[in-house]
Every structure is written in structure tokens, then in C-alpha cells.
Amino acid sequence: MKIVLTDLIILQAKAVAVMFCAGVLVESLWQLKKYAKSRVWKCEKDKRHIIKVMGLIFIESLFWVVSAVIISRFLYYCSFGRLTLYSAIGFFAGLILWKKLCCVILKEVWVEKEEAANLKTTVRSSISIRPESRGWKKGGQRRLKKKKK
């Protein structure tokens, strides 16, 4: 049995690959938008709440405009702007796989660092309080007993 790749199959495979790349790019922009929004919200220099909110709205609208342009350009490149089932499947596959692969790996690295920091804090707090003092100030335990009597 001989497998023959027709021009239609080649065009469809190209469309799936191009839209897969579009999905990866849009998901990368989504992560960049999320990072930028967190940086704007945590900014301590600007105390005015309205400027922070306007910055967040600007970032959000910029993401959606750029994403729409990217998707339309990729669609035009792969199939002259025709939205087909296989191009939509390629786009969502790129979106989901990039999120699962990239974000899960980065999240695991951050969790390990946070656990290490928590362990260091726990060790510091257990060393700073001597076991014999049990956290009481000098004479504080005796005063408590006197009040109970």
C-alpha cells in the first residue's frame, strides 16, 4: 500500500501547523499579560488606585487587539482567512499544549522554591525560641499562676 500525499493534505497539514504556532504565540502573550498585570497591581510607587485600574484596562485591551491581529494574520497566511475545523483544532491544540507544558513546568519550579523558603523559615523560628524558655518572658509564667489562684 502506497501512501500518497495530495496537495490538499499538504495544505491542511500546513494550516494545522501554522495555527498551532498561532496558539503557542497567543498563550505566550497571555502569560506575558498576566505577568504585566501583576506587576502593575503590585506597584508601590503609585498610590492612586485609578491609575492602576487604567493601566490594567490598557494591558487587557492591548492583549485582545494584538491577539486578534495575530490570529487573523496567521489565518490569512495558512488558508487565506478561511476558518476551518482543522485550523481551529490546530490553534486550540497549540494553546492547550503550551499552557500544559510551559506553565506546569514553571509552576513546579516555583513551588519547590517556596517550599524551601518555608522550610528555612520554620528552621529559623524553631531555633530562635529556646526549648527551655517555652516562649515565656522572665517571670511571666509565675504571674499567670498567681492570677489563677
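Taking (1) modelled with pLDDT of 90 or more; (2) over 28 Å from the mean Cα position of the chain (by Cα) in turn, residue 123 satisfies each apart from (1). The number of residues in the stretch 57-78 that are open to solvent by 60 Å² or more (accessible area, probe 1.4 Å) and touching a residue at least 60 places away in the same chain (Cβ under 8 Å) comes to 0. Hey, does the stretch 79-87 have a residue that's modelled with pLDDT of 90 or more, within 24 Å of residue 100 (Cα to Cα) and open to solvent by less than 50 Å² (accessible area, probe 1.4 Å)? No, the stretch 79-87 contains no residue that is modelled with pLDDT of 90 or more, within 24 Å of residue 100 (Cα to Cα) and open to solvent by less than 50 Å² (accessible area, probe 1.4 Å). Only residues that are surrounded by 11 or more Cβ atoms within 10 Å (Cβ to Cβ), of a type in the set (A, V, I, L, M, F, W, C) and assigned to a helix (DSSP H, G or I): list them for the stretch 32-56, please. Across the stretch 32-56, the qualifying residues are 32, 36, 40, 41, 51, 53, 54, 56.
Residues in the stretch 4-31 that are modelled with pLDDT of 90 or more and either among the acidic types (Asp, Glu) or not in a helix (DSSP H, G or I) (or both): 27 alone. Of all residue pairs spaced 6 or more apart or on separate chains, those with beta-carbon atoms under 6 Å, a first member in the stretch 12-36 that is in contact (Cβ under 8 Å) with a residue 12 or more places away in the chain and of a type in the set (Phe, Trp, Tyr) and a second member that is crowded, with 16+ Cβ neighbours inside 10 Å and in a helix (DSSP H, G or I) are 20/90; 20/94.
The values are calculated or read from the model by the stated rules, or taken from the named source; none is laboratory data. It should be emphasised that the depicted structure is a prediction, and the values quoted were computed from it without experimental measurement. Every residue, glycine as well, gets a Cβ built from its backbone with ideal geometry; the counts of neighbours run over all protein chains shown. For the accessible areas, the whole protein counts, side chains as well, though only heavy atoms, and no ligand, DNA or RNA atoms are used. Shrake-Rupley method; radii C 1.70, N 1.55, O 1.52, S 1.80 Å.
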